[in-house]
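Here is the structure we will look at, set down as structure tokens.
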Amino acid sequence: MPSIITSWPTGVPIWLPSPSPTKVTAPWPTPSSTSPYPTSDGKQFGLQTFGNCAQPVKTLQECSRAALILGLPDRSASPDGQKKVSYDPPYCYEEGGQLKFNSGGNTGRCSQTDKCICSLAPMLLPTPFPSMAPTPSPPPYPTLGREQFELRTKGRCAQQVKSLQECSRAASILGLPDRTASPDGQNKVSHDPPYCYEEWGQLKFNSGSNTGHCSQTDKCICSVAP
């Protein structure tokens with residue numbers, strides 16, 4: 001509201017208008033940094049410290065991109081200058097905080113020192129089928145052909161899933177996130193089970209020469225008699 005002062009020497013009150021309020025423009029909020037973990041194409045990557053990648057990262061550019069998504073300190077892959085050596089793994093890996101890459105001729109394994117950067121299958125959740133009166137089906141899960149499958153976390157399968165195609169079909173029936181089996185590249189190793197199994201969300205398969213047992217990490221996919 002206006003202010004009142006008394007003039008001197010007449011003593012007549014004089015009305016002074018109030019000053020117009022000053023318009024203050026608030027600054028635009030600074031956008032927060034975008035998390036590097038999601039990707040627009042659904043690709044996922046992981047660090048592996050044993051064995052070899054089921055799906056290796058096969059280009060220098062994708063190696064750098066994977067390191068960025070994983071939040072690694074070095075995000076610019078450099079050629080390691082190695083060829084067919086047994087002490088470094090193939091393709092994309094991190095060694096001593098440095099991001100390294102080779103054309104895949106190396107034969108070394110992933111380790112705590114040489115951490116392989118692997119490509120992972122996208123984690124897709126199964127789409128539920130609508131039903132007027134849904135009734136939960138007890139495991140193991142039957143199919144129209146009366147085939148049944150189960151996940152085993154100890155011991156070994158009594159009836160193995162012995163083909164790549166059947167391994168993928170069993171994963172789809174069990175509602176696993178990865179439903180496309182990939183060869184694990186293992187042969188006669190004791191740390192992975194034979195035939196069809198799930199490891200860290202990836203569906204893997206081998207010809208049956210491995211001697212490892214089913215576990216919480218390596219979940220065997222077994223065929224069950226109807």
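Quick grid of which residues meet (1) of a type outside the set (Phe, Trp, Tyr); (2) surrounded by 18 or more Cβ atoms within 10 Å (Cβ to Cβ); (3) within 27 Å of GLU198 (Cα to Cα); (4) in contact with a His (Cβ under 6 Å, 6 or more places away or on another chain):
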position	(1), (2), (3), (4)
LEU47	yes, no, yes, no
PHE50	no, no, yes, no
ALA54	yes, yes, yes, no
ALA66	yes, yes, yes, no
SER76	yes, no, no, no
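Quick check on my filter: what residues within the range 92-118 are farther than 21 Å from ASN187 by Cβ and without any contact (Cβ under 8 Å) to a residue 24 or more places away in the chain?
Initial filter on the range 92-118 (farther than 21 Å from ASN187 by Cβ): 92-103, 112-113, 115, 117.
Answer for the range 92-118, where residues must be farther than 21 Å from ASN187 by Cβ and without any contact (Cβ under 8 Å) to a residue 24 or more places away in the chain: GLU95, GLY96, LYS100, ASN102, SER103, THR113.
Looking at (1) modelled with pLDDT under 95; (2) under 21 Å from the mean Cα position of the chain (by Cα), which is the one condition that is false for GLY155?
GLY155 satisfies every listed condition except (2).
Any idea which of (1) farther than 22 Å from PRO89 by Cβ; (2) at pLDDT below 95; (3) in contact with a His (Cβ under 9 Å, 6 or more places away or on another chain) is the one PRO138 doesn't satisfy?
The failed condition is (3).
Do any strands (runs of 3 or more DSSP E) lying entirely in the range 146-226 carry at least 2 residues that are free of Cβ contacts under 8 Å to residues at least 60 places away in the same chain and outside the structural domain of THR49 (by TED's automatic domain parsing), and which ones are they?
Ranges flagged: 196-199.
The values are calculated or read from the model by the stated rules, or taken from the named source; none is laboratory data. If you're wondering where the values come from, they're calculated on a predicted model, not measured in any experiment. For neighbour counting, all protein chains shown are included, and Cβ atoms are generated from backbone atoms with ideal geometry for every residue, glycine included.
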